[in-house]
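Structure first, then comments.
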Amino acid sequence: MRTPIAVNVKPFDLDPAQPRIEAVRDAFSQYLDRYIPKSSRSKYGLMGPVGKILNEARSGRSDPDFLKGYVLRVHELSQKGLPSPEAIKALEKGINLLTQLLREIPITVHDRLIDRLDHGLYFARRKRFLEWLDQRNRDFCIWLQQNYPGIEAVSEAWGRQIKDWDQVRYAGPSSRTYKEGSPRQRKDMDAFTKHLKEVGKTEIADIDTEEEIA
């Protein structure tokens, strides 16, 4: 009977690779800054084509040329128009950095690396999405202030008690606020949507607003 041989395998430490993981995340974030999702109700809706990249890499398909062509097609099908040159450059950089890193580390830790990248990127994009909504609310208040003499006039026109501007929220047709609002409130929201598109903020105007900031 042979004597069992115990082998102590030291786990691979990903911490030294953290700066490179952050570089990948930053490149993808730069791309996603130009990819405004219509909703953040799902993780993949928020992360857009980058979520598809990570899924493909997790399944072992990490050829950079394949990923670039694949994700560009996903972008074209989900957005209005082509990505800007800056967006493509950031996307290409992120894919190159990710695939190079995956080639240099053991395959046994690929899932751990992608998980670390995935969750960190999701947090960053969730935060950015809420910033978009908050900025849109502030822009809506500024627009109302240009069309009404004060908060009291808005309160009277909308038929509801509004004590200060912090209570004012923009909301699109799919939201509860819009559906339950008075005819004048809905009219103002529609007019502001038109204003956003006229000043070149069509993507911000088109964000699905079922989810509202409390």
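The values are calculated or read from the model by the stated rules, or taken from the named source; none is laboratory data. Note that the coordinates shown come from a computational prediction; the quantities given were computed from them, not determined experimentally. Backbone-built Cβ (ideal geometry, glycine too); neighbour counts: all protein chains shown.
Of the conditions (1) over 30 Å from K52 (Cα atoms); (2) among the charged types (D, E, K, R); (3) surrounded by 18 or more Cβ atoms within 10 Å (Cβ to Cβ), R136 fails just one. Which one is it? The one condition R136 does not meet is (1).
Output the residues belonging to the range 150-206 that are assigned to a helix (DSSP H, G or I), closer than 23 Å to F129 by Cβ and among the β-branched types (V, I, T). Once the filter is applied, which keeps residues that are assigned to a helix (DSSP H, G or I), closer than 23 Å to F129 by Cβ and among the β-branched types (V, I, T), the range 150-206 yields T177, T193, T202, I204.
Considering (1) without any contact (Cβ under 8 Å) to a residue 24 or more places away in the chain; (2) over 24 Å from G200 (Cβ atoms), the lone condition that M47 does not fulfil carries the number (1).
For N8, the conditions (1) more than 14 Å from L113 (Cβ to Cβ); (2) over 11 Å from the mean Cα position of the chain (by Cα); (3) part of a loop (DSSP other than H, G, I, E, B); (4) at pLDDT 80 or above are fulfilled apart from (4).
Checked against (1) assigned by TED's automatic domain parsing to the domain that holds E56; (2) among the hydroxyl-bearing types (S, T, Y); (3) modelled with pLDDT under 95, S175 passes all but a single condition, namely (1). Pairing each residue of the range 166-192 that is closer than 16 Å to R136 by Cα with any residue that is basic (K, R), provided the two are 6+ apart or on different chains, yields C-beta distances under 7 Å for Y170/R136; T177/R169; Y178/R186.
Screening E86 against (1) surrounded by fewer than 18 Cβ atoms within 10 Å (Cβ to Cβ); (2) in the same structural domain as Y70 (by TED's automatic domain parsing); (3) more than 25 Å from I207 (Cβ to Cβ) leaves a single unmet condition, (3).
The set of residues from the range 159-188 being crowded, with 17+ Cβ neighbours inside 10 Å and in contact with a Gly (Cβ under 7 Å, 6 or more places away or on another chain) comprises just one member, Y178.
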